[in-house]
1. Which helices (runs of 4 or more DSSP H) sit wholly inside region 205-302 and have at least 2 residues that are in contact with a Gly (Cβ under 6 Å, 6 or more places away or on another chain) and free of Cβ contacts under 8 Å to residues at least 60 places away in the same chain?
2. When the residues of region 1-40 are narrowed to those that are among the aliphatic types (A, V, I, L, M) and in a loop (DSSP other than H, G, I, E, B), which ends up nearest to Gly225 (Cα to Cα)?
3. Given the options Val102, Val114, Val108, name the one that is under 17 Å from Ala350 (Cα atoms) and away from ligand 1 (no atom under 16 Å from the Cβ).
4. From the list Gly386, Gly394, Gly295, pick out the single residue that is out of contact with any strand residue (DSSP E or B) (no Cβ under 7 Å at 6 or more places or on another chain) and farther than 26 Å from Asp66 by Cβ.
5. Between residues in region 18-29 that are within 9 Å of ligand 2 (Cβ to nearest atom) and residues that are assigned to a helix (DSSP H, G or I) and among the polar types (S, T, N, Q), which pairs lie under 6 Å by C-beta distance while being six or more apart or on different chains?
Amino acid sequence: MTNRISDDLLTQCMHCGLCLSVCPTYALTGDEKSSPRGRIRLMKSVMESRIPVTDAFVNEMDFCLDCQACETACPAGVKYGELVESARIFVESSRKRTSLKVFILRKVVVRRRVLNFIAGIARVYQSSRVDRLVLRLLNIASKNLYNKARQLPKVSESFSINTLPEVIEPKDEWRGTVAVLTGCVMDVFFADINKDTVDVLVENGWRVVIPKDQVCCGSLNAHNGDGITPKGLARKNVDVFERTAAEYYVINSAGCGAFMKQYGDVLANDRGYSERARAFSAKVRDFSEFLVQTGYKKPGAHTCKPTAYHEACHLVHAQKVSSEPSEIVRDVADKDYRTLNEATWCCGSAGIYNVVRYDDAVKLLNRKMVNIKNSGAEIVVTGNPGCLAQIASGAKKEGLDIEVVHPATLLSRLYKANGSQ
Ligand code: SF4
Ligand code: SF4
């Protein structure tokens, strides 16, 4: 993460255009400058001072979802994710933009006490009648604000970082120790998934450590042009997770896992941490990836409802983890498995994209919902909190009776149904 975009990265692109058909923003506009190839040309022109950092340039960098579908499609191995994140750091250092978004990301999200305090207030607000009144007023005053407010998921009843014990021992067999990240967004909105994650790991013979002084992984800041905060967070997590002496670090959020697998690169120039960060990243596993690679108990019960799998961008494209979660979903759905067309196409969540670029995100969500409806699925499984919230909000908006669940929730539920837990 520097304030320049690396020439080596920029010159990898051979302009073949094979990435264009998989790019969701190019599909929205049909405009070359909204494609991976077009954006790389723009970045190169700015780096060579042939064009200044214009509003149009900044808009294209912000419009990109950082979904990395183009990386999967690219035959030349262009590291597009690194390129766009470097471009955003370059934009922030050139423009020094101050905004509510920057304040929230740098001063709230990364401070767990502050985040949980604010989330606690939001929880009280959501459970009061005031929120219904506010929604009604917003519906009259501004459809846009009403829609944004409506998509906010319910804040968790309690946060798992506070309620889960620091160490949870397996009941019967003992296979080793894993450490789990509870996350910021995941814990605020989906604390139950953290609990389900621990239940499934323990059921499979793993001793689970929840390091209480863990911090936000830093991905939201890294994806939004901050080249400094994520390094501090990465250093802190390396210190904290090392002390657990765990063999693996199991991450149930695709965005967090993708970034923690990059800690080795993020801290590559930090003499005190480069080796340790590389060792850290080597231990990181996505939840489904970990279970399938190490072997897991088949629940012996099935969903008994049409079930489809939506592939989160930061799992399938950034981490290249696809077959493992698919295997779990196919197994638990059995004859009720439904193929989701364009399963690897971004749902529009993309970190905080659905908040800061709401209208573009809605267009992508609508496309996803058409595919979900056509699949006939009543359960949609996905491994990222952003996708869970986004697809659930799409289902709510359309009045569809669809449950959106994490693989950990599905497995935990089926183990219980089969009397294992
Ligand atoms: S597929 Fe790769 S090499 Fe081809 S235009 Fe896209 S980024 Fe460039
Ligand atoms: S990251 Fe996604 S939105 Fe951005 S250029 Fe690549 S495919 Fe398009």
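1. Ranges flagged: 274-283.
2. Among those that are among the aliphatic types (A, V, I, L, M) and in a loop (DSSP other than H, G, I, E, B), it is Met1.
3. Matching residue, one of Val102, Val114, Val108: Val102.
4. Exactly one residue qualifies, and that residue is Gly295.
5. Pairs that qualify, where the first residue is within 9 Å of ligand 2 (Cβ to nearest atom) and the partner is assigned to a helix (DSSP H, G or I) and among the polar types (S, T, N, Q), are Thr25/Ser34; Tyr26/Ser34.
Residue-wise test of (1) crowded, with 19+ Cβ neighbours inside 10 Å; (2) out of contact with any helix residue (DSSP H, G or I) (no Cβ under 8 Å at 6 or more places or on another chain); (3) not assigned by TED's automatic domain parsing to the domain that holds Ser322; (4) not basic (Lys, Arg).
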{"position": "Ala222", "(1), (2), (3), (4)": "yes, no, yes, yes"}
{"position": "Ala234", "(1), (2), (3), (4)": "yes, no, yes, yes"}
{"position": "Val238", "(1), (2), (3), (4)": "yes, no, yes, yes"}
{"position": "Glu242", "(1), (2), (3), (4)": "no, no, yes, yes"}
{"position": "Cys256", "(1), (2), (3), (4)": "yes, no, yes, yes"}
{"position": "Asp270", "(1), (2), (3), (4)": "no, no, yes, yes"}
{"position": "Glu275", "(1), (2), (3), (4)": "no, yes, yes, yes"}
{"position": "Phe280", "(1), (2), (3), (4)": "yes, no, yes, yes"}
{"position": "Ser288", "(1), (2), (3), (4)": "yes, no, yes, yes"}
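Matching residues to (1) modelled with pLDDT under 95; (2) more than 8 Å from ligand 2 (Cβ to nearest atom); (3) of a type outside the set (Val, Ile, Thr); (4) not assigned by TED's automatic domain parsing to the domain that holds Ala343:
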{"residue": "Arg39", "(1), (2), (3), (4)": "no, no, yes, yes"}
{"residue": "Met47", "(1), (2), (3), (4)": "yes, yes, yes, yes"}
{"residue": "Ile51", "(1), (2), (3), (4)": "yes, yes, no, yes"}
{"residue": "Val58", "(1), (2), (3), (4)": "yes, yes, no, yes"}
{"residue": "Cys64", "(1), (2), (3), (4)": "no, no, yes, yes"}
{"residue": "Gln68", "(1), (2), (3), (4)": "no, no, yes, yes"}
{"residue": "Thr72", "(1), (2), (3), (4)": "no, yes, no, yes"}
{"residue": "Val78", "(1), (2), (3), (4)": "no, yes, no, yes"}
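Let's see how each residue does on (1) within 22 Å of Ser253 (Cβ to Cβ); (2) surrounded by fewer than 18 Cβ atoms within 10 Å (Cβ to Cβ); (3) not aliphatic (A, V, I, L, M):
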{"site": "Ala301", "(1), (2), (3)": "no, yes, no"}
{"site": "Glu311", "(1), (2), (3)": "yes, no, yes"}
{"site": "Leu315", "(1), (2), (3)": "yes, no, no"}
{"site": "Glu327", "(1), (2), (3)": "yes, yes, yes"}
{"site": "Leu364", "(1), (2), (3)": "yes, no, no"}
{"site": "Met369", "(1), (2), (3)": "no, no, no"}
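The values are calculated or read from the model by the stated rules, or taken from the named source; none is laboratory data. Keep in mind that what you see is a predicted model, and the values were worked out from it rather than measured. Cβ: placed from backbone, ideal geometry, glycine included. Neighbour counts: every protein chain shown.
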